[in-house]
Structure formats: structure tokens, C-alpha cells
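Taking it in order: structure first as C-alpha cells, then the write-up.
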Amino acid sequence: MRIYLDNNATTPLDPAVLEAVETSLRDVFGNASSIHKEGQTARRGIEDARESVARLIAAEARDVIFTSGGTESNNAAIFGAAGHDGRHHIVTTAIEHPSVLEPVSELERRGHSVTIVPPSRNGVVDANAVIDALRPETRLVAMMLANNETGVIQPVADVARVCRERSIHFHCDAVQGAGKIAVDVSELGVDTLALSAHKLHAPKGIGALYVRRGLSLDRHILGGAQERRRRAGTENVPLAVAFGVAADLARKPSDVGALRDALESDLRASGCSIAINGADAPRIPNTSSVTFRGADGEGIVIGLDLNGVAVSTGSACSSGRVEPSHVLLAMGLTPDEARSTVRFSLSRFTTRDEIAQTVAILREVVPRCMKGVGSRE
Ligand SMILES: Cc1ncc(COP(=O)(O)O)c(C=O)c1O
């Protein structure tokens, strides 16, 4: 049996979610906009799912729209909020996902000015540093709830409060936070918030965007009047239903945090020389970013894979060359340290035995992955 510890990349389907998708695909083929019985059945599926997704973030269902995933939700919020009201300064952080950084870069190419705020060494972007970056002409701030590589939770509410006072749109990418920590959109004070289902044991290709009531947002997909005119296109009922079931399941308590702590203490006791990135910061309970000092992270990932364990380096692989993670570099790790880092991301299906096995395999694999003498440190 393989051990899957790459749940921040994506998650396996929960059996209850799979069952809901199968039932919906088989039995619910109607168009949710049709007025006949088939249409109404589809509509009920979508609206029940919307209630469930809204509950996950303490929102009202009518303020949640379905999208094709986290990437679309981030694009929709960022391009939708960039607006034309004369203000064209955007603030974001250096640790955002590419689905935030790329739209922001595109807006910069189109003439907006952009400030990118770096994190501290522990992976937290200081709220005051973001607030200090605000200008009279700031239109939009985009800040994630929890980082996908380190799991570090960001001070979203502190920044959003100031943005609200200054009528600056605050967008939050909560793709890695929602379902892992309690999220309440009113307490966070966000204008828009992005979610993705495949991080929560539902299929890929469905996400959601919370849009604060009354907020004006340029539409990103034009066509029919679906999703309160905010997102055109015939609704994907089976995937929305899947997201709803997954959202309900994600609200149940889980002991994943205790397993992550066990992984880290087992690793510390294993004899490997490690540093845990963001260890002294608040973190989502399933994620551990571990630098194996002097070792090649990619080698560890391959070694673990050959021994039946799936993890990731968190580095982006572009044109065959593994680039060190922009998140870890922004936190002040050297490129070598970033390349020595492995991300373990657990789920509610992870067991204590899997953690023990993984650490036992690492004790074998890590010494074989040490970089040549003299190459670093
Ligand atoms: C923080 C974060 N934002 C956005 C996304 C993109 O979500 P999706 O894969 O649903 O497009 C991801 C996925 O890796 C993510 O980790």
C-alpha cells in the first residue's frame, strides 16, 4: 500500500464524495436553469451544495458562486476587482500561489503599479508591512489565508480591517486554509475569498468564490445569467454536489494536527539534521515543510517515491529544471536550503503507522541524498 503525504497538491476522493458524484452523474442530468422536473432536481443539487460550501466559511449561500477551481476564483476576483475607478495600485505578498501572482503581473503589464510584500523568516507576512504598503491609490490587496508550501497562516483579518476602512478590495486565497482551520468570512472581513474542492477530497475542476453582498465585481466570463450573473455557463451539477459533500465532511474534527506533530517529533528524533520552516508560526494542522540540511530534496522525493511514499519538494518544475521555491526563497532560505526542502502534507486519512513508516524510510533515504562534500555548508 502506498502512503500519500502530498495532500496540498491534491487529495484522493472521499468514498462518500465518490458515491455522491456517481449518483448525480447517473440520475441528475437536467440543466439547473430548466423549469421542468429534471431541471429542478439539478437546481436542488446545486443549491444544497451551495449551502454546504457556504457553511464551511460561515457565509450565506447566495454569496457563494461556483467556479472551475481555485485558479479561476483567484483570477475572477483579481481581474474583477482591478476596476476602472482611477486607483491602480495593487498590494500582494511574495508567498502567493501563481494563480494570484500571475494575474497581478498581468495587471502590472497593463499599467497598474504593484507592491509585493515579503514574509518574515518564519513565513508570516507581517500585517503592518502590508498596511504600510497601502497608498491612497491602492485598489486591491490579495493575501492568502494559509501558504500551500509551509502551511503558515497569515494575518488576514488585521489587514482586511484596514482595507475595509479605506474602501480597498481585499481578496483572500483560502484554497489551503478552508476545511483545515475554521473560516468565517465576516470575522476575516474579506470582500472575496477563493476555494477549491480538490484539496478537500472532492474532484478537480470545481471551486467557489465568496463575494461580499453588494460588491461590484467585473464579470470574467460572459454569457448566460447563471450564478447570479457573476459566472456564466451551465452549472456542473455533479461536481458542485461533490464539493458540497466534501465541505460537510471537512467540518468534522480530525486529529491530523496530532499526526503532523508526531511526524515532526519523530523526524527530530531520527538523527536527520532538519529545520522545520514556519515551526514557530501559526500553521494549518496538516502541513510540514522540512529542510534536510545538506541533502538534495528532489532526491529525497524520488527515494521516498521508490519506497512507496508520495511527498513533494514544493518547487516548481519548469522546462525540466527544478527551480527553488519562491516561497522559501522569500522567507530567506538560500537556494541550496530551498532545494533541500521537502513538503509533507497529511490528510484525515493519514495514520500513525504511515507516519512511523515514512520516518523509518527517511532514515534510509536521507543519508543517500547528502550533497557532495564541499558543495554547501
Ligand atoms: C494556495 C493555492 N491557491 C490556489 C490554488 C489553485 O487551485 P486549483 O488547483 O483549484 O486551480 C492552489 C492549488 O495548488 C493553491 O495551493
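Here Pro136 clears all of (1) part of a loop (DSSP other than H, G, I, E, B); (2) under 17 Å from the mean Cα position of the chain (by Cα) except the condition numbered (2). Would you check if there is a residue in segment 199-220 being more than 22 Å from Val141 (Cβ to Cβ), in a helix (DSSP H, G or I) and either touching a Phe, Trp or Tyr at 6+ places or on another chain (Cβ under 9 Å) or within 10 Å of the ligand (Cβ to nearest atom) (or both)? Yes - at least one qualifying residue is present in segment 199-220.
Candidates are the residues of segment 60-91 that are of a type outside the set (Asp, Glu) and farther than 30 Å from Asp132 by Cβ; the one that is nearest to the chain's Cα centre (by Cα) is Gly69. The one condition from (1) surrounded by fewer than 17 Cβ atoms within 10 Å (Cβ to Cβ); (2) at pLDDT 95 or above; (3) part of a loop (DSSP other than H, G, I, E, B) that Ala258 does not meet is (3). Take the residues of segment 150-190 that are part of a helix (DSSP H, G or I) and of a type in the set (Gly, Ala, Ser): which is farthest from the ligand (Cβ to nearest atom)? That would be Ser186.
If you check Ser113, Ser167, Ser186, which single one turns out to be touching a residue at least 40 places away in the same chain (Cβ under 8 Å), in the same structural domain as Ser52 (by TED's automatic domain parsing) and surrounded by fewer than 24 Cβ atoms within 10 Å (Cβ to Cβ)? Can you show your working first?
Working: Ser113 fails: touching a residue at least 40 places away in the same chain (Cβ under 8 Å); Ser167 fails: touching a residue at least 40 places away in the same chain (Cβ under 8 Å).
Criteria check complete, one pass: Ser186.
Of all the numbered requirements in (1) modelled with pLDDT under 95; (2) closer than 26 Å to Ala247 by Cα; (3) not basic (Lys, Arg), Asp85 misses one, and that requirement is (2).
Write out, first by first residue and then by second, each pair whose Cβ atoms fall under 9 Å of each other, whose residues are 6+ apart or on separate chains, and whose first residue, in segment 56-78, is of a type in the set (Ser, Thr, Tyr) while the second is part of a helix (DSSP H, G or I) and away from the ligand (no atom under 15 Å from the Cβ). Listed pairs, sorted by first residue: Thr67/Glu227. A count restricted to segment 80-103 and to residues that are within 21 Å of Arg212 (Cα to Cα) and of a type in the set (A, V, I, L, M) stands at 5.
The values are calculated or read from the model by the stated rules, or taken from the named source; none is laboratory data. Fair warning: this is a prediction, and the values are worked out from it, not measured in the lab. Here the Cβ is made from the backbone with ideal geometry for all residues, glycine too, and neighbour counts use every protein chain on show.
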